[in-house]
1. Which order do H153, H116, H228, H23 take by accessible area at a 1.4 Å probe, largest first?
2. Any lysines with Cα under 22 Å of the K154 Cα? List them, leaving off those in the same chain fewer than 8 positions away.
3. Per 10 Å bin, what percent of the C-alpha pairs of the chain does each bin hold, from zero upward?
4. If packing is taken as the average number of other Cβ atoms within 10 Å across a peptide's residues, how do 41-50, 185-194, 56-65 rank, most packed first?
5. If the viscosity is 0.890 mPa s and the temperature 25 °C, what translational diffusion coefficient in µm²/s does Stokes-Einstein give for segment 37-154 when Rh comes from Kirkwood over Cα pairs?
6. Compute the acute angle (0 to 90°) between the alpha-carbon long axis of helix 31-43 and the principal axis of greatest extent of the alpha-carbon atoms of the chain; round to the nearest 10°.
7. Taking 22 Å as R0, compute the FRET efficiency from the Cβ-Cβ separation of E152 and E180 and round it to 0.05.
8. At q = 0.20 Å⁻¹, what is the base-10 log of I(q)/I(0) for segment 164-235 according to the Debye formula with one equal point scatterer per Cα and no solvent? Please give it to two decimals.
Amino acid sequence: MADEDEDIVLSELDDAELVQQMHDDLYDGLKEEIEEAVNILLERGWAPYDILTQALVEGMRIVGIDFRDGILFVPEVLLSANAMKAGMFILRPLLVETGAPKVGKMVIGTVKGDIHDIGKNLVGMMMEGAGFEVIDLGINNPVENYLDALEEHKPEILGMSALLTTTMPYMKVVVDTMKEKGIRDDYIVMVGGAPLNEEFADAVGADAYCRDAAVTVEMAKELIARRHNQLGSSD
Ligand code: B1M
């Protein structure tokens, strides 16, 4: 693909061609091209969220299919992930920019054994954009990290991310430990990640399964409002 791409001037492509080219460039792990294209779309008046979903997330979805099918391997996917992160880095301040008062606090981290963080980062960005304060614990978190952060930051919400079928059961370890310590009901527990579903979230004792970042924001607002109403009526 590189040879054909040498002569392509990104700024000369129309929007649809540029988005298509971004999918290709993400696939090829071309960080600088992704940065340039994100800036071009911003200059053309695209909303940051549309660039994120239509160009970056969709591009990563395509990468995921070929990774699954053994066409792409870890080193190549790492380059794609780096290119995606570079695009997200440009969009981040635009997505999190909000004059709104803080509506709540969330601690979020990827569970032990799992180093996938693109989806979690995106959730964090969207939550910040919606007025939440977000404490990001990063990747590969054992239960102690979550518990320490809950004690230190006293958030309303604990968010956990897992992208592997082998790591998602760890969410139950965290929830069960919270139950043992008698603190489970002090928090709203929200979980997400590509292999999860509603049934799994119920099984591990979470309050909500979040299919994507936008759903996470809506769900967080709803659950916090519900909690405030419950606390209000029990006074
Ligand atoms: Co990985 N990987 N990977 N990988 N990787 C998957 C997950 C996989 C499905 C690919 C495949 O086979 N099709 C597969 C898992 C299969 C399975 O478990 N059944 C897989 C595998 C096997 C592996 C390795 C084991 C490969 C190996 O080493 N042989 C290895 C594991 C490493 C480890 O964690 N211990 C590995 C490594 C990697 C890279 C390092 C190369 C890279 C990660 C880079 C990084 O994150 N910094 C990588 C990537 C990029 C992927 C895919 C291609 C893309 C993931 C992604 O970023 N998606 C992925 C394929 C796929 O998911 N289809 C794959 C884009 C992102 C925006 O979506 O993360 O789903 P997502 O997040 C969404 C929602 O899920 C939700 O909102 C997000 C935004 O809308 N969400 C939450 C996520 N977390 C949430 C938390 C919340 C709420 C919502 O809290 C409230």
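The values are calculated or read from the model by the stated rules, or taken from the named source; none is laboratory data. Being a predicted model, the structure only gives us computed values, none of them experimental. Note that each Cβ is placed from the backbone with ideal geometry, even for glycine, and that neighbours are counted across all protein chains shown. Surface accessibility is based on the protein's heavy atoms, side chains included, excluding ligands, DNA and RNA. Shrake-Rupley method; radii C 1.70, N 1.55, O 1.52, S 1.80 Å.
1. Values: H153 50, H116 75, H228 105, H23 25 Å².
The ordering from most to least exposed comes out as H228, H116, H153, H23.
2. K102, K105, K112, K120, K172, K179, K181, K221
3. Going out from 0 Å in 10 Å bins, the chain shows 7, 30, 32, 20, 8, 2, 0 percent.
4. For the peptides 41-50, 185-194, 56-65, the packing ranking is 185-194, 56-65, 41-50.
5. 156
6. 80
7. It comes to 0.70.
8. Debye output, listed in q order: -0.89.
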